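Just below is one structure, and these are the notes that go with it.
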Amino acid sequence: MQPRFDINAVEPDCFKAIMNLEMYVQKSGIEKRFLHLAKIRTSQINGCAYCVDMHTKEAKKAGFSDQWIALIAVWHESALYDDKERAVLNWAESITNIASTRAPDEDYDQLKNHFGEAEIAKLSTAISTINVWNRMALALRLQHPIDHVAKAAAE
């Protein structure tokens, strides 16, 4: 699969508009662990390999463990995440799958147990922004870098 085109080269104002959203999110004061959770989980749901690769590398660089990163995809089954992290993961799923979830009150209430309205607005913006990035990356067929090809050890 080949990338379609470079949006920044073709339509820099479009890229800049999305980047302005990202800059707001980065400066919003949301705790970094919540941003990593939201970005990775949303990218997994949307099937965006480019963004999953980027955001898992960022989380690792920020000091999060391999286990913490790897189990995001199966967070429902893991006791690793605390109640606040679980509320963020649940809200990320609810917003990302909004056509089917309709962002129900029980999902909002779970989040509201841990965050105020201003924090919820910021988290919702962060989740919406990564959804925009995912959709653009998928539409433009962005390809993640291949770091190295893993080879299984011979038995």
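The values are calculated or read from the model by the stated rules, or taken from the named source; none is laboratory data. None of the values given here were measured: they were computed from a predicted structure. Here the Cβ positions follow ideal geometry from the backbone for every residue, glycine too, while neighbour counts run over all protein chains shown.
Restricting segment 87-111 to residues that are out of contact with any helix residue (DSSP H, G or I) (no Cβ under 7 Å at 6 or more places or on another chain) and part of a helix (DSSP H, G or I) leaves a set whose member that is surrounded by the most Cβ atoms within 10 Å (Cβ to Cβ) is Y108.
If I go through segment 120-155 residue by residue, how many of them are farther than 19 Å from M54 by Cα, modelled with pLDDT of 95 or more and of a type outside the set (G, A, S)?
Initial filter on segment 120-155 (farther than 19 Å from M54 by Cα): 120-125, 151-155.
Adding the requirement that they be modelled with pLDDT of 95 or more leaves 120-125.
Still in the running and of a type outside the set (G, A, S): 120, 122-123, 125.
Adding up the residues that qualify gives 4.
Residue pairs whose Cβ atoms lie under 7 Å apart, sitting 6 or more positions apart in sequence or on different chains, and linking a residue in segment 63-84 that is surrounded by 13 or more Cβ atoms within 10 Å (Cβ to Cβ) to a partner that is of a type in the set (K, R), are I69/K60; I72/R41; W75/R86.
Listed here are the residues, each with its yes/no results for (1) in contact (Cβ under 8 Å) with a residue 40 or more places away in the chain; (2) not in a helix (DSSP H, G or I).
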| position | (1), (2) |
| --- | --- |
| A118 | no, no |
| K122 | yes, no |
| T125 | yes, no |
| N131 | yes, no |
| M136 | yes, no |
| H148 | no, yes |
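Could you please find all residues in segment 96-116 being without any contact (Cβ under 8 Å) to a residue 40 or more places away in the chain and under 21 Å from G47 (Cα atoms)? I98, A99, S100, T101, R102, A103, listed by residue number. Of the helices (runs of 4 or more DSSP H) lying entirely inside segment 1-81, the ones with 2 or more residues being closer than 23 Å to R135 by Cβ and within 14 Å of the chain's Cα centre (by Cα) are found at 12-27, 32-46, 49-61. Looking across segment 6-33, just one residue is surrounded by fewer than 12 Cβ atoms within 10 Å (Cβ to Cβ) and in contact (Cβ under 8 Å) with a residue 24 or more places away in the chain, and that is G29.
Within segment 23-56, can you find the residues that are of a type in the set (D, E, K, R) and closer than 25 Å to I146 by Cα?
The answer is K39, R41, D53.
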